[in-house]
Amino acid sequence: MTLTEKILARAAGKPRVQAGDNIWVSADVLMTHDVCGPGTIGVFHREFGKTAKVWDRQKVVIIPDHYIFTADSKSNRNVDILREFSREQGLPYFYDVIDDPNGNWVYDAAKGNLRRQYGSRYAGVCHAALPAKGHTRPGEILFGTDSHTCMAGAFNQFATGIGNTDAGFVMGTGKLLIKVPETMRFRLEGKLQPGVMAKDLILHVIGEIGFDGATYRAMQFDGPGVTSLSMDDRMTVANMAIEAGGKNAIFPFDARTAEYVDARVQLNGTKSHYEPVEADTDQSFVYDMVVDLSKLEPTVACHPDPGQRKKAREMGNMKLDRAYLGSCTGGKTSDFVEFARVLRGKKVVIDTFGVPATPDIVRDLQTTYWGDKTIWDVLVDAGVRMTENAGCAACLGGPVDTFGRMNQPGLKCISATNRNFPGRMGDKESQVFLASPATVAASALTGHVTDPRDCR
Ligand code: SF4
């Protein structure tokens with residue numbers, strides 16, 4: 001069996017499963033957020049009753065992160081619905097925006113969008129917060145009401161996005177009927193070269209198979225090249241499986257996985273026991289591709305979909321209006337470090353926005369010094385508009401006052417985010433070009449798409 005099949009077989013209580021089998025599996029974690037949480041709660045109440053209790057309070061994780069720093073009252077209200085539900089249910093893992101369990105969330109636009117407006121429990125973008133808060137464990141099943149839930153496949157876990165109806169059912173029963181996906185294998189060899197990042201790997205792969213090339217399939221990344229990839233790198237790759245239509249992504253378990261997971265579960269006091277899965281010798285793949293990491297180059301996914309692959313060096317004529325670093329895919333500490341390494345001592349020439357994925361990342365950037373300056377200050381000095389309000393921000397557009405949102409037609413943005421369908425970051429006539437943090441930084445310095453290796 002493949003890694004995905006082994007996890008699903010265990011979760012179904014079966015010795016063996018194969019692609020195409022329909023099986024009932026037990027969830028280890030159900031995650032929802034402010035956009036889908038109210039709908040999921042509505043389904044749960046409708047189907048199980050107003051006084052019903054969730055199947056397991058320890059396994060429901062609620063993370064407001066999407067439409068948070070906005071004066072839009074309906075969006076603010078969604079956070080209040082999550083708080084009321086978490087209080088009624090006694091959920092220990094609700095990462096509220098405010099500290100008052102009986103309060104209401106109101107964003108104060110008068111304070112501006114750069115200084116933090118959240119309390120001590122706020123966790124930021126769900127997919128970055130889940131592993132950081134100790135909710136991702138090898139060998140487990142994670143369902144989330146968000147398509148990029150597949151990011152947790154970096155941790156040798158079956159993680160996939162589900163809709164509100166399925167999530168309402170899982171909330172009540174802890175079970176879900178799913179079809180075992182076929183597995184596509186991407187065998188990684190070699191090592192990424194300077195200036196080339198994990199984002200370039202996944203953009204290369206999606207360019208190879210197309211934005212629907214993995215529809216309802218597991219994307220298994222294995223081979224000797226995996227060991228050179230950090231956990232942040234693996235998260236970047238797994239996050240974008242859904243951009244090829246993938247049901248999930250999955251990486252093997254190794255010492256790096258153990259080190260990351262063990263540290264996070266200990267720090268947060270979450271469940272520490274887990275059982276990783278290892279590859280069998282009799283794996284069956286529907287597709288098998290070798291990727292030599294050392295041959296990859298800075299890559300861009302052009303408007304209007306993540307499969308429109310080009311090399312950054314072929315795109316020097318593409319003028320840009322803005323640059324954006326952020327999201328679950330591209331707003332991690334390591335992403336900002338690489339971004340700052342390219343920008344250090346220089347000035348951007350186009351509007352450039354930086355949105356860390358979580359408050360912990362804000363803290364990392366504000367407390368890590370390069371000489372006499374923090375990384376945060378290096379970026380501010382380079383002209384980047386850095387916000388402390390960690391969250392999804394303009395990755396998915398959001399309400400009109402969202403930080404970094406593209407509100408005018410025709411704007412072209414190079415972005416470290418993960419999705420670039422028309423209108424994704426705001427106006428439906430705007431265009432998004434997906435790239436690595438290094439390529440976003442190099443392009444912000446020139447105002448056109450630029451290979452970071454030409455910027456040293
Ligand atoms: S940062 Fe973007 S991709 Fe990630 S969860 Fe938020 S909206 Fe979705």
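Quick notes on this one:
- Extreme residue, surrounded by the fewest Cβ atoms within 10 Å (Cβ to Cβ), among residues of segment 225-246 that are more than 21 Å from CYS395 (Cα to Cα) and under 17 Å from the mean Cα position of the chain (by Cα): SER230
- Flag if ALA263 is modelled with pLDDT of 95 or more, outside the structural domain of LEU445 (by TED's automatic domain parsing), more than 30 Å from ASP427 (Cβ to Cβ) and assigned to a helix (DSSP H, G or I): yes
- Residue within segment 96-111 that is on the phi > 0 side of the Ramachandran plot and either touching a Phe, Trp or Tyr at 6+ places or on another chain (Cβ under 6 Å) or assigned to a loop (DSSP other than H, G, I, E, B) (or both) present: no
- Complete set of residues in segment 417-437 that are within 13 Å of the ligand (Cβ to nearest atom) and over 20 Å from ALA123 (Cβ atoms): ARG419, ASN420, PHE421, ARG424, MET425, GLY426, VAL432, LEU434
- The listed residue being among the hydroxyl-bearing types (Ser, Thr, Tyr), outside the structural domain of THR387 (by TED's automatic domain parsing), surrounded by fewer than 19 Cβ atoms within 10 Å (Cβ to Cβ) and in a loop (DSSP other than H, G, I, E, B), out of THR136, THR51, THR70: THR51
- Considering residues of segment 345-383 that are within 16 Å of the ligand (Cβ to nearest atom) and free of Cβ contacts under 8 Å to residues at least 60 places away in the same chain only, the residue surrounded by the fewest Cβ atoms within 10 Å (Cβ to Cβ): PHE353
- Residue match in segment 237-244 (condition: more than 29 Å from LYS179 (Cβ to Cβ) and either of a type in the set (A, V, I, L, M) or part of a loop (DSSP other than H, G, I, E, B) (or both)): no
The values are calculated or read from the model by the stated rules, or taken from the named source; none is laboratory data. Fair warning: this is a prediction, and the values are worked out from it, not measured in the lab. Counting neighbours? That spans all protein chains shown, and the Cβs are built from the backbone with ideal geometry, glycine included.
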